[in-house]
Structure formats: structure tokens, C-alpha cells
Amino acid sequence: MIDRILISEQQIATRLDELAREIDAAYAGREILAVGVLKGSVFFLTDLLKRLSTPVAVDFLQVRSYSGTA
């Protein structure tokens, strides 16, 4: 059960629009490589990439959690 919503879906969409505009401005005329960390970034990265007009290649990293190197 969700007790309360900290950031609304609309706030996230608005910020994704802003990020896409910033990325497009910073990398105009160049292709970029977007790298996501599996599995948590998939939906966020997808929503961001749909908003970009800059050419983009996509790759993913899979990482493993660990508690230390004892």
C-alpha cells in the first residue's frame, strides 16, 4: 500500500522534458551513448530517450550488489 506520493507522475514527466531539452542542447549535432544500469533504470531511461531528438545509441550494464570484500 502506498502511504503517500512524494513526486507525482506529472512532475517526473516535466523533469524528463527538461532533461531531454538540456541533453539535446548540450549534444546538438553529435550522437550520444546512453548507458543504463539493469534493471532499475530501464523505464526511466526509456521515457527519457523517447523525448530526445539527438541521435542516441543505448547500452546497459548489469551490476551485482555485494556487502563488502571481507
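The values are calculated or read from the model by the stated rules, or taken from the named source; none is laboratory data. On a predicted model such as this, the values are computed, not experimentally measured, just so you know. Here the Cβ is made from the backbone with ideal geometry for all residues, glycine too, and neighbour counts use every protein chain on show. For the accessible areas, the whole protein counts, side chains as well, though only heavy atoms, and no ligand, DNA or RNA atoms are used. Shrake-Rupley method; radii C 1.70, N 1.55, O 1.52, S 1.80 Å.
Think of a 1.4 Å ball rolled over the protein heavy atoms: the chain then has 87 Å² of accessible area per residue.
Among the trypsin sites (Lys or Arg not before Pro) found in the chain, those both in a DSSP coil and sparsely packed, with 13 or fewer other Cβ atoms within 10 Å of their Cβ, are Arg4, Arg30, Lys39, Arg64. Computed per residue of the chain from DSSP H runs no shorter than four, each worth -39500 (n - 2.57), the mean residue ellipticity at 222 nm is -13000 deg cm²/dmol. Just the protein heavy atoms count here, and of the accessible area of the chain at 1.4 Å, carbon and sulfur take up 56 percent. If a/c stays under 1.5 just call it rounded; otherwise compare a/b with b/c (prolate if a/b is bigger, oblate if not). Do that for the chain, with a ≥ b ≥ c from the square roots of the Cα gyration tensor eigenvalues. Verdict is oblate for the chain.
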